[in-house]
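Single-structure report; data block below.
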Amino acid sequence: MAENFQIPTYNLLFFLFVISRMISTIGNSKPLNILLPHKLLTSDISDKLRADPAAIDSASSDYGHIVKQDPAAVLYPSSTQDIAALIKVAYNSSVPFSVAARGRGHSVRGQAMVRDGVVVEMLSLKSHRGGGGAGGVVVSAGSQLYADVGGEQLWIDVLNATLGHGLAPPSWTDYLYLTVGGTLSNAGISGQTFRYGPQISNVYELDVVTGKGEPVTCSAYKNSDLFYAALGGLGQFGIITRARIALEPAPKRVKWVRMLYSDFSTFTRDQEFLISINGRGQKQALDFLEGSLLMDQGSLDNWRSSFFPLSDHSRIISQITGHGIIYCLEVAKYYDEHTQNTVDEELKQLFRGLSYLNGFMFKRDVSYVEFLDRVRSGELKLESQGLWEVPHPWLNLFLPKSRILDFNEGVFKDIVLKSNITTGPVLVYPMNRNKWDERMSAVIPDEDVFYTVGFLHSSGFDDWKAFDDQNKEILKFCDNSGIEVKQYLPHHTTKEDWIKHFGSSRWKTFSERKAQFDPKMILSPGQRIFSNN
């Protein structure tokens, strides 16, 4: 008589999970070298783990489309507790598996990926958040103005929710369809940074799940080591699940101005003058300042905005043809019904001493939302043309003010012009060091004023390496010339390069914090700081 054998539930789950993982790797020669522990597959979150081909594929690439790594599984959490449970299983395992948080996947070198570990799909939390505001955004308009925001929330959602109360965060990124936890794990910069600081300088409090699986609330006054570690910490110390963001009364409209320069030293001198007026209470100060390059190989109206009137294109192109590079200074000043009668005069006074090309000032008057969300229309246009999901071999640098003229001569006028391959914006604009908090993990140059330079390339799938080679040539030039650059959204492949990035003292602090909050080095292996995974 045949016997009926019953397969224990946990073995069945494990079997099905492994089979689904094997199916997901068909056609991939890389063998399955890590199986997740039984304890995870029989835990309360096992039903929120997926290893089907669609889930694996979605978590194995990013905006850069340069690096591809398959996780063993993807977690779709419905609460912070799910994330804590996942990390706790990893921490307590005899062979810990790696965990990486993924928001919009806007990294460019695989920083939000993990090979054979688990990717946490943070956007899954959006549909489960309760409370007021836009789901995970709860606004307080009491004596202290702030918004409690889920780490998975997009900044566009934060904007929409806070504007309903007549409020808004003062510091933004150029692109608003990024998660709060993602930008705070880097710094969060844009043209507002010179005055309002990076986004990490505008946070009162965080909820963080550490590498031990412990949910911790932290601030400058409570668990401050974790607070400062997580801000700009590249995801190395914990996953940010909530942030208390500072708010201010929101303006209604924006005076948006661009001015063109043919001389780089004049361009940087005027930029530095304008950011020297940076007090939050200084009414005459600008609210936004960025600079960019206009070159033959780039469009006047790139994905960042369509700004210049069509009737002026021919004379702008004539200037570019004559000089090779034209430098564009872009500024904005916010206003509302209380300041609408004075804003033009304030701008006139600010611009009085500037030395832009005569006749090459261009003005627009737009709503506050239209200005902040200016990149979105370009994104939708590129998506419709199939040009958004392409490789993005970006290079973002911070460099000291004292070497910006050398950088212009050696990089912009030599490497970039000679290669003649630049596609996408090239940004260059200054910031003030005193708007940053050195206790945080983000790294900046050791000068009072420093510049951010961003090469935001888009390429085809077959030619991204040419841009990557140009990036390497730029870094080599800086190294040979003694220009101490710091990478923003950094990509380094050796421990020695990471130590150089942080500097020996800050590296010591960074390593000590890692040992304190993620001692088994579970979190964010895609950054390749403590692992070559």
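When Rg is the radius of gyration of the Cα atoms in segment 27-184 and Rh is its Kirkwood radius, what does Rg/Rh come to? Don't jump to the answer; show the numbers that get you there.
Working: Rg = 17.4 Å, Rh = 16.9 Å.
On the Cα set of segment 27-184, Rg over Rh gives 1.03.
Would you list which lysines come within 18 Å of Lys68, measuring only between C-alpha atoms, while excluding same-chain residues fewer than 8 positions from it?
Lys30, Lys465
Each residue of segment 441-454 in turn: what ³J(HN,Hα) in whole Hz from Karplus with 6.51, -1.76, 1.60 and θ = phi - 60°, glycine and Pro shown as x?
Taking θ as phi minus 60°, the curve returns 7, 4, 10, 9, x, 8, 9, 4, 10, 9, 10, 9, 10, x Hz for segment 441-454.
Amide H of Tyr429 versus every other amide H placed in the peptide plane: which residues, excluding those fewer than 5 positions away on the same chain, fall under 5 Å?
Gly291, Thr452
What is the Cα centroid distance between segment 356-400 and segment 492-513, reported in whole angstrom?
33
Each residue of segment 97-102 in turn: what ³J(HN,Hα) in whole Hz from Karplus with 6.51, -1.76, 1.60 and θ = phi - 60°, glycine and Pro shown as x?
Values per residue, Gly and Pro as x: 9, 7, 9, 9, 8, 10 Hz.
In debye, nearest 20: dipole of segment 308-449 around its Cα centre with unit charges on the Cβ of K, R (+) and D, E (-)? Present the calculation step by step, with values, prior to reporting the outcome.
Details: 16 positive and 21 negative charges, 89 e Å.
Roughly 420 debye for segment 308-449.
Using only the alpha carbons of segment 225-315, determine the length spanned along each of the three principal axes and report them from longest to shortest in whole angstroms.
On the principal axes, segment 225-315 reaches 54, 35, 31 Å in Cα extent.
Using the structure shown, list the pairs from Lys413/Lys495; Lys401/Lys500; Lys126/Lys495; Lys413/Lys472; Lys39/Lys495; Lys333/Lys418 with a Cα-Cα distance above 25 Å, or answer none.
Beyond 25 Å: Lys413/Lys495; Lys126/Lys495; Lys39/Lys495; Lys333/Lys418.
Report the FRET efficiency, 1/(1 + (r/R0)^6), for Glu370 and Thr339, where r is their Cβ-Cβ distance and R0 is 25 Å, rounded to 0.05.
Efficiency at R0 = 25 Å is approximately 0.85.
How big is the C-alpha Rg of segment 319-416 next to the rule-of-thumb value 2.2 N^0.38 Å, as a ratio?
Working: Rg = 18.3 Å, N = 98, 2.2 N^0.38 = 12.6 Å.
Ratio of Cα Rg to 2.2 N^0.38 Å: 1.45.
According to the square roots a ≥ b ≥ c of the eigenvalues of the Cα gyration tensor, what is the shape class of segment 402-515, taking rounded for a/c under 1.5, prolate for a/b larger than b/c otherwise, and oblate for the remainder? If you can, show how the numbers build up before the last one.
Working: a/c = 2.02, a/b = 1.52, b/c = 1.34.
The shape class here is prolate.
Check Gln153: other-chain or 5+ apart residues with amide H under 5 Å from its amide H, H built from backbone geometry?
Result for Gln153 returns Val180, Gly181.
Can you tally the net charge around Lys500? Count Lys and Arg as +1, Asp and Glu as -1, for every other residue whose Cβ sits under 15 Å from the Cβ of Lys500.
My count for the surroundings of Lys500 gives +1.
In deg cm²/dmol and to the nearest 500, what is the mean residue ellipticity at 222 nm of the chain if only DSSP H runs of at least 4 residues count, each as -39500 (n - 2.57), divided by the residue total?
Numbers: 17 runs with 154 residues, N = 533.
Rounded to the nearest 500, the figure is -8000 deg cm²/dmol.
Just for the Cα atoms in the chain, what are the lengths along the principal axes, largest first, rounded to whole Å?
Each principal axis gives a Cα extent; for the chain these are 98, 55, 47 Å.
Please state the charge dipole magnitude for the chain, taken about the Cα centre, from unit charges on C-beta atoms (+1 on K and R, -1 on D and E), reported in debye and rounded to the nearest 20. Please list the in-between numbers first.
On the way: 54 positive and 58 negative charges, 124 e Å.
The calculated dipole for the chain is roughly 600 debye.
What are the ³J(HN,Hα) values, in whole Hz, obtained from phi via the Karplus relation 6.51 cos²θ - 1.76 cosθ + 1.60 with θ = phi - 60°, for each residue of segment 233-242 in sequence order, with x given for Gly and Pro?
Once rounded to whole Hz, the list reads x, 6, x, 7, 10, x, 9, 6, 10, 7.
Does segment 122-243 come out rounded, prolate or oblate by the C-alpha gyration tensor, with a ≥ b ≥ c the root eigenvalues, rounded set by a/c under 1.5 and, if not, prolate when a/b is larger than b/c and oblate if not?
Rounded is the answer for segment 122-243, as its axis ratio a/c remains below 1.5.
For segment 381-420, place one equal point scatterer on every Cα, skip the solvent, and apply the Debye formula. What is log10 of I(q)/I(0) at q = 0.15, 0.35 Å⁻¹?
-0.58, -1.08
Could you calculate the FRET efficiency of Glu409 with Asp446 from 1/(1 + (r/R0)^6), where r is the beta carbon distance between them and R0 is 25 Å, rounded to 0.05?
Using R0 = 25 Å, I get an efficiency of 0.65.
Within a Cβ distance under 13 Å of Asp44, other residues only, what is the Lys/Arg minus Asp/Glu net charge?
+1
Could you point to the residue in Ser185, Ala250, Thr210 farthest towards the positive end of segment 152-260's charge dipole, with +1 and -1 charges on the Cβ of Lys/Arg and Asp/Glu respectively?
The Cα lying farthest towards the positive end belongs to Ala250.
Quick one: which residues, 5 or more positions from Gln487 or on another chain, have an amide H under 5 Å from its amide H? H modelled 1.01 Å from N in the peptide plane, none for Pro or chain starts.
Placed amide hydrogens put Phe398 under 5 Å from Gln487.
Every number here is computed from the coordinates shown, using simple stated rules; none is lab data. Just so it is clear, the model here is predicted, and its values are computed rather than measured. Every residue, glycine among them, receives a Cβ derived from its backbone with ideal geometry; neighbour counts consider all protein chains shown.
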